[in-house]
Each structure stands twice: as C-alpha cells, then as structure tokens.
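S.K.: Quick one: the structure is below, and I'll ask about it shortly.
The values are calculated or read from the model by the stated rules, or taken from the named source; none is laboratory data. Note that this is a predicted model, so its numbers are computed, not measured. Backbone-built Cβ (ideal geometry, glycine too); neighbour counts: all protein chains shown.
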Amino acid sequence: MSFIMGKVCISMYGKVISACLHGVEGKMVEVEVDLSNGLPQSQIVGLPDSAIKESMERVRAAIKNSGFTFPLQRITINLAPADVRKEGSAFDLAIVIAILATSGQLKSEHYKDTLIIGELSLDGSVRPVPGVLSMLSSAREYGIGKAVVPLMNAEEASWIQGFEMRPLSHLSQLSNNGGNETIGTHESDHFYASPPAISTNALPSASLPDYSDVNGQQHVKRALTISAAGMHNILLIGPPGTGKTMLAKRLPTIMPPMSEQESLDVTKIYSASGKFADRRTLVRERPFRMPHHTISAAGLIGGGTIPKPGEASLAHRGVLFLDELPEFSRLALEVLRQPMEDRAVTIGRARAVYTFPSHFLLASSMNPCPCGFWGNETDRQSCVCSPLKVAAYRSKISGPLLDRIDLHVEVPRIEYRQLDSTQQQTSSAEMRSRVEQAHRIQIERYARFGITFNSELSGRLLREHVRLDKPSAELLEMAFERLGLSVRAHDRILKIARTIADLDMQQDVQKEHIAEALQYRTLDKKMNPQQPSC
C-alpha cells in the first residue's frame with residue numbers, strides 16, 4: 001500500500017515460477033504481477049512474443065468461465081529475466097494463478113517454489129504444451145520440488161523424478177472458496193512418485209523390417225554391423241536396385257539399445273519439437289530420420305527466428321539417412337560438417353545462442369554416376385555418362401564431408417543365383433547380438449571417460465586405446481602415403497579397426513583389423529589423384 005498526494009493507492013504484488021524453452025532446454029521464468037488502482041487495463045512486459053501478448057484475452061475469459069473474478073484494476077505482468085525473449089503459450093496457467101493469488105482468490109503460499117506451466121482455453125480447460133520434460137529437468141536443477149502441469153502432460157512429466165505433481169484439466173479444480181485449495185491428493189488428480197521403468201533391452205518387433213529380407217550382400221551387412229557397433233558414419237555406393245535403401249533402413253534394428261539417460265535426452269528433443277503429443281512412453285527406439293533431398297539447410301540442422309531442432313537433432317542417438325546423397329543441395333550437406341565433428345548444432349541469433357544435441361550416425365547412399373551404371377556395366381545396361389559428367393556428379397560431395405564418413409562400401413548388383421529363397425540369410429537378431437557384445441566391451445572400457453562408442457575417441461584417448469604393433473603400423477603408413485589420406489581419415493581408420501577388434505573379441509588391434517578397415521575406404525582409393533578418377 002502506498003500514498004500519493006494524500007490519497008491511498010492500493011498496490012498488490014505477487015510472483016510465481018514458470019518456464020519456457022530455450023532451444024531444447026528449459027529456462028526458468030518468474031511471472032510477476034502487480035495490481036494497482038487505475039483504469040482497468042492489462043500489460044505484459046519482458047520481451048513476450050505474439051502468443052504471450054494474446055494470452056491476456058485467454059486468461060480473462062478463462063477466469064470468468066471458471067467461477068473466479070477478473071480484477072478490474074491496472075494489471076502489469078513482468079516475465080523475468082526481462083532481457084530474454086519468451087515464446088509459446090506455456091505461461092497462461094502461471095499468469096492466471098499469479099493474478100488470482102495476488103488478488104486474494106487463491107493462497108499464494110501454496111504456490112511457493114512451484115513450477116506452473118500450461119495453456120488455457122477460453123472455457124478454462126488446461127491444454128498441453130510442448131517441452132514439459134525439458135522444463136521440469138531445469139526446474140529440478142533450480143531446486144524446485146513441486147509442479148502444476150496440464151493433465152495431458154502428466155504422464156510425460158512423471159518421468160522426471162523428485163517432484164510433487166498436481167495435474168490440472170480445468171481451472172475450476174483450483175478452489176475459489178476463500179483460498180483453501182491445496183496441492184495434494186484429490187480424487188480427480190493423478191500423482192506419479194517416480195517415472196515408469198524403462199526397458200532398454202527390448203528386441204525389435206517381429207513386424208519390423210529384418211536383414212533376413214535382404215538376399216546376399218554379406219560384405220555390406222558386415223560393414224553395417226561395424227557401423228552400428230561403433231557408431232561409424234557409412235556411405236553405400238552402387239547401381240540402382242541393389243538394395244542400398246533397403247539395407248540402410250534396417251540399420252536401427254541392429255543398433256544397441258539406448259540407456260535411460262539417452263532415452264530421456266531423445267524424448268526431451270521430441271517433446272520440445274512438439275512431436276511427442278501422441279506418445280505414452282519414452283522414446284526407447286533409436287530414431288531413424290530420412291529427410292527428402294529437397295530439404296533446406298535450416299530444416300536439416302534447425303533454424304527459424306527462434307530456432308527449433310532440425311533433422312540432425314531429431315536423429316540424436318539414432319540414424320540420419322540421406323538417400324541419394326549428391327541430390328541434396330551443397331549448402332545443406334556442408335552445414336552437416338560441424339555437427340558431425342562436435343555432435344551438437346550451434347545456431348547464433350542477435351539475442352541468444354542456441355545449442356541442439358546431434359550425436360547421430362550418418363548413413364547415406366549414392367549411385368556411382370548420374371545414370372547409375374558406371375563400373376557396373378552389363379550386356380544390356382552400359383554407362384552413358386562421360387568422365388566429366390561422373391566427376392561433376394561426385395564433386396557435389398565435398399572432400400571435407402567425405403572425409404568425415406568412416407565407411408565407403410560398394411553395393412554390387414546381385415546375381416540371380418543369390419535370389420534363392422531357400423538359402424539362409426543373416427538376420428537382424430544375429431547382427432544385433434554381435435553389436436551388443438561389442439558395445440558392452442566399449443561401455444566397460446570407456447566407463448571413466450564419459451563416452452560409449454569407439455567413434456567418440458580422439459586425441460590422447462585414441463592413442464591410448466588403439467596401440468599398433470609394428471606390422472600394423474607399417475601397413476597403415478603404406479596406405480596413408482599411397483592413398484594420400486588426411487589425418488582425419490587416418491584416425492577414422494584406427495577407430496574402425498578398434499571396432500572390428502571388439503567384434504572379434506580381441507583386446508589389441510591386429511594387422512588384419514587395419515587391413516579390413518582400409519577395405520572400407522573405397523572412395524579414397526578411386527578418387528586418389530595418383531590414380532584415374534573416372
């Protein structure tokens with residue numbers, strides 16, 4: 001209460017805690033409300049976007065239609081910190097509770113140290129919002145122990161431990177009988193003391209595609225096994241109709257299961273992207289993203305006025321498959337170079353820098369030339385492309401990008417005798433068993449270093465865990481000089497050899513492991529300047 005020119009001016013102040021998304025992470029925001037005498041009007045400050053500015057109309061109608069009274073006073077709402085841009089409709093419920101608590105219709109002490117998020121309908125219904133997992137994760141780090149969330153987000157919110165949760169489906173569930181409402185057990189409320197158990201060892205369903213559907217191509221299946229075991233990027237090269245896409249689409253069926261933390265991280269990305277509305281459980285399967293070749297650079301790595309995750313982040317801990325790699329725009333491919341090295345996408349804007357996780361396995365495919373038959377001619381099909389045309393086609397993939405792809409594997413044309421349906425084909429279950437065995441070795445080996453795959457080795461760790469004997473070192477030196485390999489390609493060969501040794505249950509990398517790793521650098525051999533490129 002304050003005095004102005006001898007008159008009493010009633011001013012009331014209240015504050016609650018809400019949150020917004022900053023990239024895929026939650027950011028705590030204090031919703032401050034000041035009620036004072038004057039002409040009835042409402043104003044929101046603190047860099048709100050259009051959805052937040054419009055929230056006052058939703059708030060006004062929701063309060064009236066839920067049996068509460070909208071204060072006929074001057075209402076000033078501040079979203080702090082005021083220098084951070086806020087967006088979305090998740091502040092609606094916090095604004096309502098702050099107004100009702102400040103005006104004395106609810107008890108403010110019941111909402112102390114409580115995260116409040118939710119969107120409102122005009123009739124007072126509480127609607128779900130994206131990014132609940134990220135917001136609650138940040139709130140837990142902030143020391144908040146209670147949360148009021150939309151009922152439709154309750155199950156998702158329950159996966160974050162350590163919260164006393166109150167789900168709301170309508171504002172009328174908040175008592176208006178003089179402020180006697182409580183955050184506690186209620187017949188219409190559902191509380192989750194801890195997240196449901198996460199099964200990380202579930203095998204792929206029998207209805208999913210299986211590598212037993214693929215006839216032949218045993219050496220390609222071997223390369224894909226290596227790729228999945230060590231999270232190595234892979235490029236399949238071959239004429240049309242040899243099964244490149246079919247092989248790549250089955251890659252998730254042999255990858256090791258995600259840990260609980262990986263599942264939570266992937267689910268947070270999908271929740272923040274608004275792609276989680278229909279799910280009732282955590283994302284337990286490794287993502288598989290297959291964008292069309294017309295995708296823009298922003299669609300691939302993320303972007304927008306307030307950036308959102310792109311395909312590279314949606315493929316986090318899973319597979320990003322680029323079919324017909326040279327058909328993608330040069331710009332779209334080049335923006336992948338930094339995420340492939342850093343395993344994160346960093347997007348700068350005038351007011352903020354956003355970072356999205358993007359630790360993915362890049363799987364890609366391409367034809368050897370525009371017509372697809374260069375090097376695979378038959379009596380009825382021959383290549384019609386000139387050497388210049390072949391060179392132009394391959395130049396769409398830059399050397400630095402190609403250098404970041406560990407395995408270059410040729411997928412040849414299948415002979416008719418290989419189509420025998422009675423012949424036993426290697427199944428996903430067999431491949432997955434070998435992959436999981438190698439992955440367990442890596443988890444145990446790198447337990448102290450915070451990494452889980454051989455592809456993450458670098459610098460001192462790489463030298464420490466990949467020690468070569470003299471014959472192995474001499475073979476790698478000879479290949480390095482003959483093929484004109486870069487230092488990056490040299491290191492990637494060592495990582496592949498380490499994964500091959502793990503698949504063979506060998507503690508040390510042997511000469512045969514280096515030799516097999518070199519077999520998977522097809523384009524280094526064919527595009528070596530000392531040899532004809534076409």
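S.K.: Could you please find all residues in the stretch 335-370 being among the charged types (D, E, K, R) and within 26 Å of Leu224 (Cβ to Cβ)?
M.R.: Across the stretch 335-370, the qualifying residues are Arg337, Glu341, Asp342, Arg343.
S.K.: Scan (1) under 20 Å from Ala229 (Cβ atoms); (2) out of contact with any helix residue (DSSP H, G or I) (no Cβ under 7 Å at 6 or more places or on another chain); (3) free of Cβ contacts under 8 Å to residues at least 40 places away in the same chain for the single condition Met505 breaks and write down its number.
M.R.: All conditions pass for Met505, except number (3).
S.K.: Being without any contact (Cβ under 8 Å) to a residue 60 or more places away in the chain, in contact with a Ser or Thr (Cβ under 9 Å, 6 or more places away or on another chain) and more than 20 Å from Lys249 (Cα to Cα) is the filter here, so list the residues in the stretch 287-309 that pass it.
M.R.: Result: Ser296, Ala297, Ile301, Gly302, Gly303, Lys308.
S.K.: Kindly provide the set of residues from the stretch 206-233 that are part of a helix (DSSP H, G or I) and either of a type outside the set (Gly, Ala, Ser) or more than 24 Å from Arg521 (Cα to Cα) (or both), ordered by number.
M.R.: Matches in the stretch 206-233: Tyr211, Ser212, Asp213, Gln218, His219, Val220, Lys221, Arg222, Leu224, Thr225, Ile226.
S.K.: Might you check whether a residue that is surrounded by 15 or more Cβ atoms within 10 Å (Cβ to Cβ), more than 18 Å from the chain's Cα centre (by Cα) and modelled with pLDDT of 95 or more occurs anywhere in the stretch 355-364?
M.R.: Checking the stretch 355-364: at least one residue is surrounded by 15 or more Cβ atoms within 10 Å (Cβ to Cβ), more than 18 Å from the chain's Cα centre (by Cα) and modelled with pLDDT of 95 or more.
S.K.: Which residue is farthest from the chain's Cα centre (by Cα), if the candidates are limited to the stretch 379-394 and must be within 30 Å of Met340 (Cβ to Cβ) and surrounded by 13 or more Cβ atoms within 10 Å (Cβ to Cβ)?
M.R.: This residue is Cys385.
S.K.: Okay, moving on. Quick one: which of Ser134, Ser89 is touching a residue at least 40 places away in the same chain (Cβ under 8 Å), part of a loop (DSSP other than H, G, I, E, B) and buried (at least 19 other Cβ atoms within 10 Å of the Cβ)?
M.R.: None of the other options fit; the residue is Ser89.
S.K.: Just to check your reading of the model, which residue among Ser42, Ser89 is touching a Lys or Arg at 6+ places or on another chain (Cβ under 9 Å), of a type in the set (Gly, Ala, Ser) and within 23 Å of Val24 (Cβ to Cβ)?
M.R.: Only one candidate passes the filter, namely Ser89.
S.K.: So which residues in the stretch 316-357 are touching a strand residue (DSSP E or B) at 6+ places or on another chain (Cβ under 7 Å), touching a residue at least 24 places away in the same chain (Cβ under 8 Å) and among the polar types (S, T, N, Q)?
M.R.: Within the stretch 316-357, just Thr355 meets the criteria.
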